[in-house]
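Right, one structure below, let's go through it.
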Amino acid sequence: MSLQEPILRVQDVRFRYDPEQPKYAVDGVSLNIKRGEFVAVLGANGCGKSTLAKHFNAILLPEAGTVLVEGMDTRNEDHLYDVRQKVGMVFQNPDNQIVATIVEEDVAFAPENLGVPPEEIRTRIDEAMKLAGIYEKRDAAPYKLSGGQKQRVAIAGVIAMRPDCLVLDESTAMLDPHGRAQVMNTIHQLRAAGITIVSITHYMEEAAQADRVLVMSRGRIVMEGTPEQVFSQTEKLHSYHLDVPQAAELRDALVKVGIPMPENVITPERCAEELYKLLQ
Ligand SMILES: Nc1ncnc2c1ncn2[C@@H]1O[C@H](COP(=O)(O)OP(=O)(O)OP(=O)(O)O)[C@@H](O)[C@H]1O
Ligand SMILES: [Mg+2]
């Protein structure tokens, strides 16, 4: 398989929880995720983000269309182990994902259960805990950790399986700003290590840090582009019940009262830069 082959290839996927009902939770989605990319997925409550994400590692199988993980069809049961190993999932609530009473035992849980040789487990869990920024807490009891630390333990547990792609489904939603910043920091570390990231989030500031943003509405992808492209379309985003990052909101407010600001201002740093230019 060539390196150019997308890690995830989703073609015309449709899915209903109840085949008796006409409503599709995912209603015709096609997308490719490239190797090493960091993609953020946005969309109002109930638009189908989690349902789509669960198709990425065969937790759900499409009713129509196909999902290919590194060329492997998720519907092929022979590939299930490989698909789950290649695409790891992290969910919202770290308490539901932590099973052991000591951090490093928790991180070792999945590789131990999936038959990774014991001599390799030590290397893997140390590597995973370091990447997730939780190595210093390896002997701690998870219940004593902060939300952000717990979520990084959960991430380390998935990383210990050495996935090529990590899907985070609102994994910062229950965290305070400090915890969110810690998890975002970990995401950037994982990316630097070559892991592909798909992050579902309700925080526009987080999406602004991605390479690409997908916006969903009613089971479909309705916007797609770089954060700069997507977040310069304030009105359209509002029509999907989404906000823009605060920096973009400030830019819009300034433009409205006649102060010139470029469209690609979506981070506090860029906003400060432009304001500084204006003040000079
Ligand atoms: N297990 C389920 N059984 C039946 N219907 C479901 C189930 N999970 C989700 N749905 C429905 O499918 C649709 C899409 O839900 P989904 O959870 O994928 O949305 P979401 O974009 O992740 O929302 P949120 O932002 O609230 O997490 C919604 O109408 C939801 O009510
Ligand atoms: Mg969801």
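Quick look at the numbers
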| read-out | value |
| --- | --- |
| Unique residue being within 16 Å of ligand 2 (Cβ to nearest atom), modelled with pLDDT of 95 or more, farther than 16 Å from VAL158 by Cα and open to solvent by 10 Å² or more (accessible area, probe 1.4 Å) when the list is LYS49, LYS54 | LYS49 |
| Residue check for ARG152: within 30 Å of LEU31 (Cα to Cα) and assigned to a helix (DSSP H, G or I) | yes |
| Segment 138-183: number of residues that are among the hydroxyl-bearing types (Ser, Thr, Tyr) and over 13 Å from the mean Cα position of the chain (by Cα) | 2 |
| Yes/no for GLN92 being touching a strand residue (DSSP E or B) at 6+ places or on another chain (Cβ under 7 Å), open to solvent by 60 Å² or more (accessible area, probe 1.4 Å) and within 12 Å of ligand 1 (Cβ to nearest atom) | yes |
| Some residue of segment 40-56 being more than 11 Å from ligand 1 (Cβ to nearest atom) and β-branched (Val, Ile, Thr) | no |
| Subset tally (residues that are within 8 Å of ligand 1 (Cβ to nearest atom) and either crowded, with 18+ Cβ neighbours inside 10 Å or under 15 Å from VAL213 (Cα atoms) (or both)) for segment 22-33 | 2 |
| Those strands (runs of 3 or more DSSP E) lying entirely in segment 170-248 with at least 3 residues surrounded by 22 or more Cβ atoms within 10 Å (Cβ to Cβ) and modelled with pLDDT of 95 or more | 196-200, 212-217 |
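So that you can scan it fast, the table gives a plain yes or no per residue for (1) in contact (Cβ under 8 Å) with a residue 60 or more places away in the chain; (2) more than 16 Å from ligand 1 (Cβ to nearest atom); (3) surrounded by 15 or more Cβ atoms within 10 Å (Cβ to Cβ):
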{"site": "ARG16", "(1), (2), (3)": "no, no, yes"}
{"site": "ARG35", "(1), (2), (3)": "yes, yes, yes"}
{"site": "ARG75", "(1), (2), (3)": "no, yes, no"}
{"site": "LEU80", "(1), (2), (3)": "no, yes, no"}
{"site": "ALA108", "(1), (2), (3)": "no, yes, yes"}
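The values are calculated or read from the model by the stated rules, or taken from the named source; none is laboratory data. Bear in mind that the values here come from a model prediction, so they are computed numbers and not experimental data. Every residue, glycine as well, gets a Cβ built from its backbone with ideal geometry; the counts of neighbours run over all protein chains shown. These area figures cover heavy atoms from the full protein model, side chains too; ligands, DNA and RNA do not enter into them. Shrake-Rupley method; radii C 1.70, N 1.55, O 1.52, S 1.80 Å.
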